[in-house]
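Presented below is the structure to which this report refers.
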Amino acid sequence: MAASKATLVCFMIVALAAALLAAPGTVEAATCSPTQLTPCAPAIIGNAAPSAACCGKLKAHPASCLCKYKKDPNLQRYVNSPNGKKVFAACKARLPRC
């Protein structure tokens, strides 16, 4: 069972990276990189407790980027998911209203 969760997490990280690469390149897109939040993948996808690395990245991530992710059809299911909201709450990070 742990191997299947690890496979799922790896798949989601690859999907997240693919979504980023498929997005049109702009100057702002270079600073909005969802792959910076990969330490949060086990918590969002696998329902694990968020790590200190995840919380640090989440708090440092610009609100404007999080708003873009909330609106992106490829990423919104993670940011807006119940687990995504739990991660924000556990990290004491504010999920912006966009």
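Remarks
- Where a residue in the range 30-46 is under 16 Å from His61 (Cα atoms) and its partner, wherever it lies, is charged (D, E, K, R), with Cβ under 6 Å and at least six apart: Cys32/Lys68; Gln36/Lys57; Leu37/Lys57; Pro39/Lys57
- Among the residues making up the range 83-94, those that are outside any helix (DSSP H, G or I) and within 19 Å of Ala48 (Cα to Cα) are Cys91, Lys92, Ala93.
- For the condition open to solvent by 70 Å² or more (accessible area, probe 1.4 Å) and touching a Cys at 6+ places or on another chain (Cβ under 9 Å), Lys86 does not qualify.
The values are calculated or read from the model by the stated rules, or taken from the named source; none is laboratory data. Everything numeric here is computed off the predicted structure, so don't read it as measured data. A quick note on method: Cβ atoms are made from the backbone with ideal geometry, for glycine too, and the neighbour counts reach across all protein chains shown. Protein only, heavy atoms only, side chains kept; ligands, DNA and RNA dropped before computing areas. Shrake-Rupley method; radii C 1.70, N 1.55, O 1.52, S 1.80 Å.
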